[in-house]
1. Post the alpha-carbon centroid distance, the range 30-59 to the range 109-132, in whole angstrom.
2. Contour minus end-to-end for V121 and Q13, with contour as 0.36 nm per residue of separation and end-to-end as the Cα-Cα distance?
3. Which peptide among 49-56, 19-26, 122-129 comes first, and what is the full order, when sorted by highest mean count of other Cβ atoms within 10 Å?
4. If T110, T134 are ordered by their accessible area, calculated over protein heavy atoms with a 1.4 Å probe, which sequence runs from highest to lowest?
5. Considering the range 1-90, what Rg and Dmax in Å follow from its alpha-carbon atoms?
6. Which value, in Å² and to the nearest 10, is the accessible area of V137 when all protein chains are kept and the probe is 1.4 Å?
Amino acid sequence: MDLTRYTDQLQQQLRTAAAAGSDEAREIASRLTAPLDSAARLVLLEALSDAAGEISAELAPGSVDVRLRGGSPEFVIDVPAGPATASAPEPAPPVAPLPDADGGATTRTTLRLPDHLKAQVETAAAREGVSVNTWLVRAVAGALEQSTGRPAAQARATHRGTSRATGWVR
């Protein structure tokens, strides 16, 4: 998905709004359009990621992830195999469920990986047929289980307060 169309439209709207003002307003708008591009892309990526999370919640057990390739976001849709594909020659290996199966909130975290390690993570995720995010969440959950001796969901429940509520209100 190319975000350029959206950032260009935002810049054009800023120039149009500034055109109604003074020469100084037009000059300020002109100076703001370049740095605005990066900020707008970041906000759009966050909106796409949030939308993918909401869609995933509705598609469960399927999911939608947003991947960044060459600076452009793309959606990856994971739809579990149904009865029609049950006759596949080789079933996929069992995959541990995501540790957030209780419907808890998620938090965005920035992770910086060396290029060689990132490539290995991408290869492993592709081999398992999941997104890099899903693969990393499972890897972290597995590491926590090894270090604590109990599933990540149990470890999380130990630290959870009693006043927390999640869900939908209509």
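1. Centre-to-centre distance over Cα atoms comes out at 22 Å.
2. Working: separation 108, 0.36 × 108 = 38.88 nm, distance 4.05 nm.
Full extension of this stretch gives 34.8 nm more.
3. 49-56, 122-129, 19-26
4. Working: T110 110, T134 15 Å².
Ranking T110, T134 by accessible area, largest first, yields T110, T134.
5. Cα only, the range 1-90: 20.1, 70 Å (Rg, Dmax).
6. 50 Å²
The values are calculated or read from the model by the stated rules, or taken from the named source; none is laboratory data. Bear in mind the structure is a predicted one, so any value in this text is a computation, not a measurement. Quick reminder, even Gly has a Cβ in these numbers, built from the backbone with ideal geometry, and neighbours come from all protein chains shown. Ligands, DNA and RNA are excluded from the accessible area calculation, which covers all protein heavy atoms including side chains. Shrake-Rupley method; radii C 1.70, N 1.55, O 1.52, S 1.80 Å.
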